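Nothing in this text is a laboratory measurement; each read-out follows from the coordinates by a stated rule. Quick caveat, the model's predicted, so the values are computed rather than measured. Note that we place each Cβ from the backbone using ideal geometry, even for glycine, and neighbour counts take in every protein chain shown.
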Amino acid sequence: MTETTRITSQKGRLDKVAAELFPDHSRSQIKQWLLAGNILVNGKIAKPKYQVKFGDLLELERPAVQSISVEPENIPLDIVYEDDDVLVVNKPQGMVVHPAPGHPAHTLVNALLYHCPLSTINGEYRPGIVHRIDKDTSGLLMIAKNDLAHRSLAAQLKNKTNVREYVALVHGKIKPDKGKIDAPLGRSPKDRKKQAVVAGGRHAVTRFEVLKRYRDYTFVRCILETGRTHQIRVHMKYIGHPLVGDPIYGPNKTIKGKGQFLHAGKLGFEHPTTHEKMIFEVPLPSIFIKTLNVLDKNNMV
């Protein structure tokens, strides 16, 4: 597939200009394509440091994407609730939700396909998936087993009528007992792989409540009013309290773990068929409990 853009108002290094012209791809991916000769300037291969001039024609020829075969896998599931329409699972930290380049197998979707039929609305790679949580975030997900259920659950997400509560361990001592973070999110202009608070971004609101303060950390409950990518992680960093263990938005030196200390502990929705209000809660994973116990002994105020 070829994407073509004629430069009329930009100049500078080719790698920087190309990243701006093809914003759906990360800077590192753009650089790889430049080195591989997949980006042409006026029909010729150019180095990343080439100085783009007004009127240059850039052509991006994306390599063919390797197809992913989504196969059912007999992977154990922590099923919290199940009926003919919906499934509620407690996803462990470290499991990817659905197949993607870099994670073609051993995902939650592979496990779900082995277990039961799923809705088809989200296509081949995300069957049944109504909402997602990050690989290193643990906790509750609602899964649609048919398209009728999927439409109902998706509408509830859109209308903000469902319940999604998380608990997180963050750096620093949060002073107010409660707060609301209302800040728009979008792709970071500095790093296309990250999200950031940006002017003109998508509306995003997170409410938080302090559960316990330590000398150097705070244990908080976060309630989502919207569900943007990395929302809690970016919002907490934005107010100066990044999540402990966050490999992207947090400091490098932090408490030992396997990723950010973030757990989707409470989930609520209206059942698609019976219209019953359903609420589910699951306890913290063991690594989270052990960490809090250590802080209780060594990091109290």
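In table form, for the structure just shown:
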read-out	value
Dipole moment magnitude, nearest 20 debye, the stretch 157-301 about Cα centre, only Lys, Arg, Asp, Glu C-beta charged	540 debye
GluC sites (Glu not before Pro) lying in DSSP loop within the stretch 202-301, provided at most 16 other Cβ fall within 10 Å	E225, E276
Dipole moment magnitude, nearest 20 debye, the chain about Cα centre, only Lys, Arg, Asp, Glu C-beta charged	1820 debye
Chymotrypsin sites (Phe, Trp or Tyr not before Pro) within the stretch 27-113: DSSP coil, no more than 12 neighbouring Cβ in 10 Å	F54
Dipole-positive endmost among N146, H103, G123 within the stretch 92-159 (Cβ charges, Cα centre)	N146
Inter-probe distance in nm under a simple model that places probes 7 Å from Cα toward Cβ, at K290 and V163	3.1 nm
Above-threshold pairs, the threshold being 22 Å between Cα atoms, out of K175/K212; K135/K173; K16/K44; K16/K237	K135/K173; K16/K237
Enclosed volume per residue, in Å³, of the convex hull spanned by Cα atoms of the stretch 146-277	132 Å³
Gyration tensor verdict on the stretch 2-61 (Cα atoms; rounded if a/c is under 1.5, prolate if a/b is larger than b/c, oblate otherwise)	rounded
Trypsin sites (Lys or Arg not before Pro) restricted to the stretch 237-282 and DSSP loop, no more than 11 other C-beta within 10 Å	K253, K256
Ratio of the Cα radius of gyration of the stretch 79-298 to 2.2 N^0.38 Å, where N counts its residues	1.02
Estimated 222 nm signal from helices in the chain, with DSSP H stretches of n ≥ 4 weighted -39500 (n - 2.57), rounded to 500	-6000 deg cm²/dmol
Part-to-part distance (alpha-carbon centres) for the stretch 122-196 and the stretch 227-249, which is given in Å	12 Å
